[in-house]
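First the structure, in the form of structure tokens, and then the observations on it.
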């Protein structure tokens, strides 16, 4: 027991150190290099570094905070879905939930822009949540009729393909002035995030993660089987509804502000399980949040800098790192 606690403490310390290092790297590295002294002065908003201050405060700081918060939310959402379906490759992107959110947000954006209006953060999250729930509803119907987990994942992938195809069709026929922004968003990106967006993102993701953490005890019982959970006094219908709503809200917030981001919701929880050597929700939820934040910060840094000034979509980079992790996990599961 003491050894396990010590391992968890070291793992959290490692995650925090990695997260701080990535935060500093994201602030310093880019088209404009910012040294340690300049970064310190820019954060203090001194007049001598007015230009650097704008770069740091207006462009980089909101973006890295959004990447960290949304990456953490996506990893927690993936862990909730894996617990709900008892499926190691369940995740918002794999099950088509992110694609459903992407479709409804795209439709809402095009309709609003055609009327000369700019939708607010609440409208974006609301539209994404509706799309998430529609996709989730379909997956739940399939899961009620079919117990084969592989078929469930295939159905989720098909839902994703359908939603992506419709979204591309909608974007193609959008007004010319809006196509570029919609296309960049539909591929996944943390660029263009403002401080007003960060405040909304922080409220939604931190509240959703905190509520998920409060469900740690019933989640631990649920992991041991439905019968055991019922014997422990867990109201299964209410518990499942809470898991669905929390995972949908978290993934909807990510899609609303950054577009669909692939593989983070699947890969990050498995990396954390390997690091901590436990699946206990009371450990995994904060670990997934920190791990997902670090994962997205690293991928966003690479997306911005690898082929600068050309910026890659965040999903392209997360897929390069996340897909091999999923393949490795499947091979390991098959061997076991």
The lone condition residue 273 fails out of (1) touching a residue at least 40 places away in the same chain (Cβ under 8 Å); (2) within 18 Å of the chain's Cα centre (by Cα); (3) more than 20 Å from residue 186 (Cα to Cα) is (1)
Please tell me if residue 45 is assigned to a loop (DSSP other than H, G, I, E, B) and either farther than 20 Å from residue 191 by Cβ or modelled with pLDDT of 90 or more (or both).
yes
Enumeration of residues in the stretch 199-220 that are within 18 Å of residue 252 (Cα to Cα) and buried (at least 21 other Cβ atoms within 10 Å of the Cβ):
201, 204, 205, 208, 209, 212
Given the condition within 30 Å of residue 67 (Cβ to Cβ), under 19 Å from the mean Cα position of the chain (by Cα) and without any contact (Cβ under 8 Å) to a residue 60 or more places away in the chain, answer yes or no: does some residue in the stretch 212-235 qualify?
no
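Residues are listed down the side, and each one gets a yes or a no for (1) over 28 Å from residue 126 (Cβ atoms); (2) free of Cβ contacts under 8 Å to residues at least 24 places away in the same chain; (3) more than 11 Å from the chain's Cα centre (by Cα):
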{"position": "264", "(1), (2), (3)": "no, no, no"}
{"position": "277", "(1), (2), (3)": "yes, no, yes"}
{"position": "297", "(1), (2), (3)": "no, no, yes"}
{"position": "312", "(1), (2), (3)": "yes, yes, yes"}
{"position": "324", "(1), (2), (3)": "yes, yes, yes"}
{"position": "327", "(1), (2), (3)": "yes, yes, yes"}
Condition check: at pLDDT below 90 and in contact with a helix residue (DSSP H, G or I) (Cβ under 6 Å, 6 or more places away or on another chain). Does residue 53 satisfy that?
yes
Among the candidates 20, 61, which residue alone is more than 30 Å from residue 157 (Cα to Cα), surrounded by fewer than 22 Cβ atoms within 10 Å (Cβ to Cβ), touching a residue at least 24 places away in the same chain (Cβ under 8 Å) and under 27 Å from the mean Cα position of the chain (by Cα)?
61
Listed by range, helices (runs of 4 or more DSSP H) wholly within the stretch 161-275 having at least 3 residues that are closer than 22 Å to residue 85 by Cα and modelled with pLDDT of 85 or more are 195-214, 216-223, 226-231, 236-258
Tell me, yes or no, whether the stretch 30-38 has at least one residue that is in contact (Cβ under 8 Å) with a residue 60 or more places away in the chain and assigned to a loop (DSSP other than H, G, I, E, B).
yes
Based on this model, can you work out whether residue 104 counts as without any contact (Cβ under 8 Å) to a residue 40 or more places away in the chain, in contact with a helix residue (DSSP H, G or I) (Cβ under 8 Å, 6 or more places away or on another chain) and more than 20 Å from residue 317 (Cα to Cα)?
yes
Which of the following residues is in a helix (DSSP H, G or I), modelled with pLDDT of 95 or more and over 12 Å from residue 267 (Cα atoms): 70, 59, 81?
70
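The values are calculated or read from the model by the stated rules, or taken from the named source; none is laboratory data. This is a predicted model, so every value here is computed, not measured. Note that each Cβ is placed from the backbone with ideal geometry, even for glycine, and that neighbours are counted across all protein chains shown.
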